[in-house]
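Worksheet: the structure to be examined is printed underneath.
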Amino acid sequence: MDWQTSEDTVPSAPVTEADARLLRGRPPATGAWRDGDPVGERRFAAFRDFRSESGGHLPSFRLAYESWGELNAARDNAVLVLHALTGDSHVRGDAGPGHPTAGWWQDIVGPGAAIDTNRWFVIAPNMLGGCQGSTGPASIAADGYEWAHRFPYLTVRDQVEAQRFLADDLGIDRWAGVIGGSMGGMHALEWAVTHPDRVARLAVIAAPPANTADQIALNSVQLEAIRIDPRFAGGEYYDASPGEGPHRGLSLARRMALLNYRSPAELNQRFQRSWQSGVSPFGHGGRFAVESYLDFHGNKFTRRFDANSYLTLVEAMNSHDVGRDRGGIEDALARVTATTLVLGIDSDRLFPVDGQHRIARGIRNTLDGDRAAVITSDFGHDGFLIETDVVAGHLRRLLEA
């Protein structure tokens, strides 16, 4: 559930007047990528007849994806990189038409990088239910209207099944590696449990074996923040004018989420009790700097994401439990045959390292035995996006194994 855009993953910093000026225009009803927008580096794969675990039906769907490197003749050098909750397929590359931000893992994927595109053929899809080119609630259904609230409930397993369609379409029978962090780590783990014969190497980064009651509770208040916004209109807001969509609810949900992504140590060190301006927050209308920081990033988020998509994806995260209908978590993890890196962050208060240690204990062939490798970082959950040198070193170990 990380931020997943390059400028959002730098260490936290006070908001400047120049920052604030960037967001003075009214936000759109949805920040989703829509047909007719610049395609950028996206490619699209189209499929028919998808049925979800809950019985929902998509008569057709597509996945947007990006790729780097070349698939070799043996078709055995493909690496699947899976994004987190609010991410997309733009793992590397510049900002530009179709891509409002630069790639979110530029230092990890590329020529000579840890995931070396001179050696590996890297595929990064936007997950089903997302809002950056793959079919989701903002997509147009067969009747000519957005799916909106009619979009089917999805689980992490449903999203992995959609990715399996893509792998088959690309002619990839076995991934040389499946790598994901946060929600992407849930997908990566599900891949290795559901299709053990199709995953040679696995990296599960800052992700749990199942979403806990505590994590579901944190998610529930974010979902309610969106739903109680009067401009959410039951999910039917796509025709609203700029400034008339559910941006207040979506922004509030984002602000709640950000508090889980960073550590208390970082926020306290960066902001302390400083004011945003010379106006006192003690009854004189001023604000603390950390308040302005949360507002800025919440408002910025509404310009690149969709409220219905946020609901769909957070509910999919809540579904995550690799042990569901498989005899429990340990029985499910025992199915994994891939050489596995399990990586946690010591300051992660969203998905604490005890979850990663449990994954490591349950998988038979891990790089570090029955304990996860742990990054020391002040940046909390988002450390896997910020501490790129350390993450790169661990991924090199995996891909050279």
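The values are calculated or read from the model by the stated rules, or taken from the named source; none is laboratory data. This one's a predicted model, so the numbers in the text were calculated from it and none came from an experiment. Quick reminder, even Gly has a Cβ in these numbers, built from the backbone with ideal geometry, and neighbours come from all protein chains shown. Just the protein is used for accessible areas: all its heavy atoms, side chains included, with ligands, DNA and RNA removed. Shrake-Rupley method; radii C 1.70, N 1.55, O 1.52, S 1.80 Å.
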Legend entry - Number of positions in the stretch 230-240 that are in contact (Cβ under 8 Å) with a residue 60 or more places away in the chain, open to solvent by less than 70 Å² (accessible area, probe 1.4 Å) and not aromatic (Phe, Trp, Tyr): 3
Inset, instruction - Pairs only if they're at least six apart or on different chains, beta carbon under 7 angstrom, first in the stretch 244-264 and under 14 Å from Val314 (Cβ atoms) and free of Cβ contacts under 8 Å to residues at least 24 places away in the same chain, second in a helix (DSSP H, G or I) and open to solvent by 60 Å² or more (accessible area, probe 1.4 Å); list them, first residue then second. - result: none
Legend entry - Residue in the stretch 45-53 that is in a loop (DSSP other than H, G, I, E, B), closer than 16 Å to Glu161 by Cα, in contact (Cβ under 8 Å) with a residue 60 or more places away in the chain and open to solvent by 60 Å² or more (accessible area, probe 1.4 Å) present: yes
Legend entry - Scope the stretch 115-127; condition assigned to a loop (DSSP other than H, G, I, E, B), of a type outside the set (S, T, N, Q) and open to solvent by 10 Å² or more (accessible area, probe 1.4 Å); matching residues: Arg119, Trp120
Inset, instruction - Mind telling me which of the residues Arg273, Arg174 ends up being open to solvent by 10 Å² or more (accessible area, probe 1.4 Å), of a type in the set (Lys, Arg) and in contact (Cβ under 8 Å) with a residue 24 or more places away in the chain? - result: Arg174
Inset, instruction - Read through the list (1) at pLDDT 95 or above; (2) closer than 24 Å to Glu266 by Cβ, then give the number of the only condition that Arg349 fails. - result: (1)
Inset, instruction - Take the stretch 55-105 and flag every residue that is part of a strand (DSSP E or B), touching a His at 6+ places or on another chain (Cβ under 6 Å) and crowded, with 24+ Cβ neighbours inside 10 Å. - result: Leu82
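Yes/no per residue for (1) closer than 28 Å to Val390 by Cα; (2) in a loop (DSSP other than H, G, I, E, B); (3) without any contact (Cβ under 8 Å) to a residue 24 or more places away in the chain:
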{"residue": "Tyr310", "(1), (2), (3)": "no, no, no"}
{"residue": "Ala316", "(1), (2), (3)": "no, no, no"}
{"residue": "Gly327", "(1), (2), (3)": "no, yes, yes"}
{"residue": "Asp331", "(1), (2), (3)": "no, no, yes"}
{"residue": "Arg335", "(1), (2), (3)": "no, yes, no"}
{"residue": "Thr340", "(1), (2), (3)": "yes, no, no"}
{"residue": "Gly369", "(1), (2), (3)": "yes, yes, yes"}
Legend entry - In the stretch 375-401, residue surrounded by the most Cβ atoms within 10 Å (Cβ to Cβ) [restricted to those that are acidic (Asp, Glu) and in contact with a helix residue (DSSP H, G or I) (Cβ under 6 Å, 6 or more places away or on another chain)]: Asp382
Inset, instruction - Please determine, by comparing only the residues of the stretch 237-278 that are touching a strand residue (DSSP E or B) at 6+ places or on another chain (Cβ under 8 Å) and part of a loop (DSSP other than H, G, I, E, B), which one is modelled with the highest pLDDT. - result: Tyr238
Inset, instruction - Identify the residue in the stretch 145-167 that is more than 17 Å from the chain's Cα centre (by Cα) and open to solvent by less than 50 Å² (accessible area, probe 1.4 Å) and, among all such residues, is nearest to Ser52 (Cα to Cα). - result: Pro152
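Suppose we filter Ala162, Ala225, Ala167 for residues that are in a helix (DSSP H, G or I) and either acidic (Asp, Glu) or without any contact (Cβ under 8 Å) to a residue 40 or more places away in the chain (or both); which single one remains? Quick ask: steps written out before the conclusion?
Numbers: Ala162 fails: either acidic (Asp, Glu) or without any contact (Cβ under 8 Å) to a residue 40 or more places away in the chain (or both); Ala167 fails: either acidic (Asp, Glu) or without any contact (Cβ under 8 Å) to a residue 40 or more places away in the chain (or both).
After applying the criteria, what remains is Ala225.
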